[in-house]
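Everything on this sheet refers to the single structure shown next.
The values are calculated or read from the model by the stated rules, or taken from the named source; none is laboratory data. Because the structure is predicted, anything quoted here is derived from the model rather than measured. Virtual Cβ from ideal backbone geometry, glycine too; neighbours counted across all protein chains shown. Areas reflect the complete protein model, heavy atoms only, side chains present, ligands, DNA and RNA absent. Shrake-Rupley method; radii C 1.70, N 1.55, O 1.52, S 1.80 Å.
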Amino acid sequence: MFRKKLTINENERVLVFKNQKLIDVLATGKHTLWDVKNELTFELADINDVFFTGNSTERLYNDYELLRQHVGHQKVAEDEVGLMYLNDMLLGVIAPNENAYFWQAAGDIRIERVSLTDDIAVDNKTLRAINRAGANIASRLIRSNSTVAVQPVAQISVPNNHLGLLYINGELVRELTAGQYGYWQFNDVIDVRLFDCREQVLDISGQEILSKDRVSLRINLSANIRITNAALAAKSVDKVDDFVYKTLQLALREAVGTKTLDDILIDKLYVNETVKELVTQRLLNLGISLVSVGVKDIILPGEMKAILNQVVEAQKAAEANVIKRREETSATRSLHNTAKVMENNPTLMRLKELEALEKVADKIDSLTVYGGLEGLMNNVVKIAD
């Protein structure tokens, strides 16, 4: 058929090629074309997709003025990133050193360029707009096939009571307080290390250690630490918790290994004080403060525990025996002193006799007295002549 009829919808455009050369761009409406030698080919484009894309996009745009009447073009420099807006709504992010070709009939299109030379930080307004448009994903990046798809913005969230260290291309550039941050990451490698600035509890549990007298002890230690200089800590050690754990572990072994079991049990603060003395300054030099350290438990082997219980039981029994003998000696000495006083004082002697009589009478139901009061005093109570 020599005559070809085309009906083009409002959101469509048709590129007409004759022998591989662009001869027309058809807009909305009905069109009739004559193709006697069957030399015409057609490419349908949806302008709702906004972008003019294809294998020969750049060549077609540069070679044909009639195409440039329908398609717009923007170039983003190597040290720039482009924010593409459609009808004042962010459409997407254009990668550096890229060309954007778009259908002019798609809407009011503008490109806002952001320099990557001075500062790669993304302001909060722009970051919110990018997230709202869902443009911070690699698949939404506006790019050519020769550009690798990457996430445009590295988003960083620093929780409360934390501090972030921002590294750009491996170099520490700033400290970040609590908040949300974004950084363009097209030409740079962005990394962040987070540090909890609150006091943290670190448990060193189940440490099997030999005392100086070769008694195997299982000791649990607890320490409270706080990071005072995050930059220094990050520069000095890879993992703060692991380093502090190993440092306390070695100090604990040194403290316990130089004392006998008896010494450790007698001076319960020795281990705490020794570990603190060995560790405090070393951690301070790395930006870490040792707030407190203490032994939670000292666990003896089963047989050693039984032996120690026996020793303690024997010691307590001996102490009880000493106290009993001391009380008996004191009582005997008191009786001796009382006897000496009564020996030279008949009246006091008589009072003691009446006191004894009173105690005896308390246990008697009835008492028959012969000879009156004198007989009672002289015959019943007759302890000493």
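For VAL279, indicate whether it is assigned to a helix (DSSP H, G or I) and touching a Ser or Thr at 6+ places or on another chain (Cβ under 6 Å). I'd like the intermediate steps shown before the answer.
Values: assigned to a helix (DSSP H, G or I): yes; touching a Ser or Thr at 6+ places or on another chain (Cβ under 6 Å): yes.
For VAL279, the condition - assigned to a helix (DSSP H, G or I) and touching a Ser or Thr at 6+ places or on another chain (Cβ under 6 Å) - is met.
Determine, yes or no, whether GLU208 is exposed (fewer than 14 other Cβ atoms within 10 Å of the Cβ), among the acidic types (Asp, Glu) and more than 15 Å from the chain's Cα centre (by Cα).
Values: exposed (fewer than 14 other Cβ atoms within 10 Å of the Cβ): yes; among the acidic types (Asp, Glu): yes; more than 15 Å from the chain's Cα centre (by Cα): yes.
In short, yes.
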Checklist entry - Within segment 42-158, which helices (runs of 4 or more DSSP H) (wholly inside it) include 3 or more residues that are crowded, with 16+ Cβ neighbours inside 10 Å and on the phi < 0 side of the Ramachandran plot? => result 57-63, 124-132
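Please find, within segment 214-228, the residue that is most open to solvent (accessible area, probe 1.4 Å) out of those that are part of a strand (DSSP E or B) and under 30 Å from GLY170 (Cα atoms).
The first filter runs over segment 214-228 and keeps only residues part of a strand (DSSP E or B), leaving 216-227.
Now drop any that are not under 30 Å from GLY170 (Cα atoms), which leaves 225-227.
Working: ILE225: 3, ARG226: 88, ILE227: 18 Å².
The residue in question is ARG226.
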Checklist entry - If we scan segment 162-169, do we find a residue that is closer than 25 Å to LEU290 by Cβ and aliphatic (A, V, I, L, M)? => result yes
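Let's see how each residue does on (1) open to solvent by less than 70 Å² (accessible area, probe 1.4 Å); (2) at pLDDT below 90:
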| residue | (1), (2) |
| --- | --- |
| PHE195 | yes, no |
| LYS212 | no, yes |
| ALA230 | yes, no |
| LYS239 | no, no |
| PHE243 | yes, no |
| ALA251 | yes, no |
| THR258 | no, yes |
| ASP262 | no, yes |
| ILE266 | no, yes |
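Got a number for residues in segment 1-41 being outside any loop (DSSP other than H, G, I, E, B), among the charged types (D, E, K, R) and over 28 Å from ILE142 (Cα atoms)? Before the answer, list the steps.
Start the filter on segment 1-41 by keeping residues that are outside any loop (DSSP other than H, G, I, E, B), which leaves 3-8, 12-18, 21-26, 29-34, 40-41.
Subsequent filtering for residues that are among the charged types (D, E, K, R) retains 3-5, 12-13, 18, 21, 24, 30.
Subsequent filtering for residues that are over 28 Å from ILE142 (Cα atoms) retains 3-5, 18, 30.
Total meeting the criteria: 5.
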Checklist outcome for this item: If you go through MET84, MET89, the only one that is within 23 Å of GLU12 (Cβ to Cβ), touching a residue at least 24 places away in the same chain (Cβ under 8 Å) and out of contact with any strand residue (DSSP E or B) (no Cβ under 8 Å at 6 or more places or on another chain) is MET89
Checklist entry - Restricting attention to segment 24-41, which residues are among the small types (Gly, Ala, Ser) and open to solvent by less than 30 Å² (accessible area, probe 1.4 Å)? => result GLY29
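Name the single residue that is modelled with the highest pLDDT among those in segment 214-228 being more than 15 Å from LEU290 (Cβ to Cβ) and among the basic types (Lys, Arg). Break it down stepwise before answering.
Quick first cut of segment 214-228, residues more than 15 Å from LEU290 (Cβ to Cβ) only: 214-220.
Now restrict to residues that are among the basic types (Lys, Arg): 214, 218.
Details: ARG214: 81, ARG218: 86.
Checked segment 214-228; the qualifying residue modelled with the highest pLDDT is ARG218.
Condition check ((1) touching a helix residue (DSSP H, G or I) at 6+ places or on another chain (Cβ under 7 Å); (2) among the small types (Gly, Ala, Ser); (3) in contact (Cβ under 8 Å) with a residue 12 or more places away in the chain) across all residues:
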| site | (1), (2), (3) |
| --- | --- |
| HIS31 | no, no, yes |
| TRP34 | no, no, yes |
| LYS37 | no, no, no |
| LEU40 | no, no, yes |
| TYR61 | yes, no, yes |
| HIS73 | yes, no, yes |
